[in-house]
Amino acid sequence: MSTKTPLLKVYRGSAPGAHYSWSPFVGKLEARLRLGGASYRVEAGSKMQAPRGKVPYVSISDAQGGVPQLLGDTALIARHLTENGLLADFSTVLNPAQRARDLAIRSLLEDKLYFFIVRERWIDNFATMRDGTLYTMPYPLRLAVGWLVYRAVTKALAGQGVGRYTDDEARAFKTETWDGLAALLAEAQSAPASVARRAEDAGAPFWVLGGGQPSEADATVYGFIVSCLVCKA
């Protein structure tokens, strides 16, 4: 790790005082930073200011007070910080098959489950999501902006495919994914390395690949579980 650690800020897109965020990618990024030993501050920020038009994003300021560097996309942020010695590299101890499994777990959540979550929130529970995310707006404006978001989300999900399923079909796919994740976590928890860690320390965590240290997938799993099953924003 670098001895000259710059100031790192994470922009969540929401009030920084909340313990958790509705966005699984915010949870993923913050978990990755903590697991990788990076210190950071939390700010609100917005999609309008984000370098890729989405949250979370980060700014990196050097000790001399230069112009902050803005980075977007959680995977690219982690890669940049790792390559520059600001974040522990989890891939060095993984063999190619383990890297592939790690990637598959991340893809299962980020490229499949995520879209079912968006459908559940913005279509199945539209009013709750609208009032929760747009709470700073006056109610009449909230209705107008909420409708625009609903229309954009509906169009995007139809193009992606998730929006074309019936409610029962969507529920079945979502349940299948959560059940698959639960099975992976149960297997990892009973892995020899995990059992050995708990024998030494009853409070020791286990990691999704069943090894002795975390991987990129652990941050993603954490982010999705917190966002979907814990966070009340």
Of the residues in the stretch 138-154, how many are of a type in the set (D, E, K, R) and either exposed (fewer than 15 other Cβ atoms within 10 Å of the Cβ) or within 19 Å of Arg119 (Cα to Cα) (or both)?
1
Looking at the structure I just gave you, is Ala204 within 21 Å of Gly37 (Cα to Cα) and assigned by TED's automatic domain parsing to the domain that holds Asp102?
yes
Counted residues in the stretch 153-187 being in contact with a helix residue (DSSP H, G or I) (Cβ under 9 Å, 6 or more places away or on another chain) and not hydroxyl-bearing (Ser, Thr, Tyr) come to 20
Exception for Ala100 within (1) farther than 17 Å from Gln213 by Cα; (2) modelled with pLDDT of 95 or more; (3) aliphatic (A, V, I, L, M) falls at (1)
Which numbered condition trips up Trp22, out of (1) closer than 25 Å to Ala158 by Cβ; (2) surrounded by 15 or more Cβ atoms within 10 Å (Cβ to Cβ); (3) without any contact (Cβ under 8 Å) to a residue 60 or more places away in the chain?
(3)
Can you name the number of the only condition in (1) among the small types (Gly, Ala, Ser); (2) within 20 Å of the chain's Cα centre (by Cα); (3) closer than 20 Å to Phe116 by Cβ that Gly163 fails?
(2)
Test: residue in the stretch 20-36 that is in the same structural domain as Ala156 (by TED's automatic domain parsing) and of a type in the set (Lys, Arg):
no
Residues that are within 22 Å of Arg130 (Cα to Cα), of a type in the set (A, V, I, L, M) and at pLDDT 90 or above: does the stretch 36-45 have at least one?
no
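The values are calculated or read from the model by the stated rules, or taken from the named source; none is laboratory data. Model, not experiment: these values are computed from the prediction. Glycine gets a Cβ as well: all are built from the backbone with ideal geometry, and neighbour counts include every protein chain shown.
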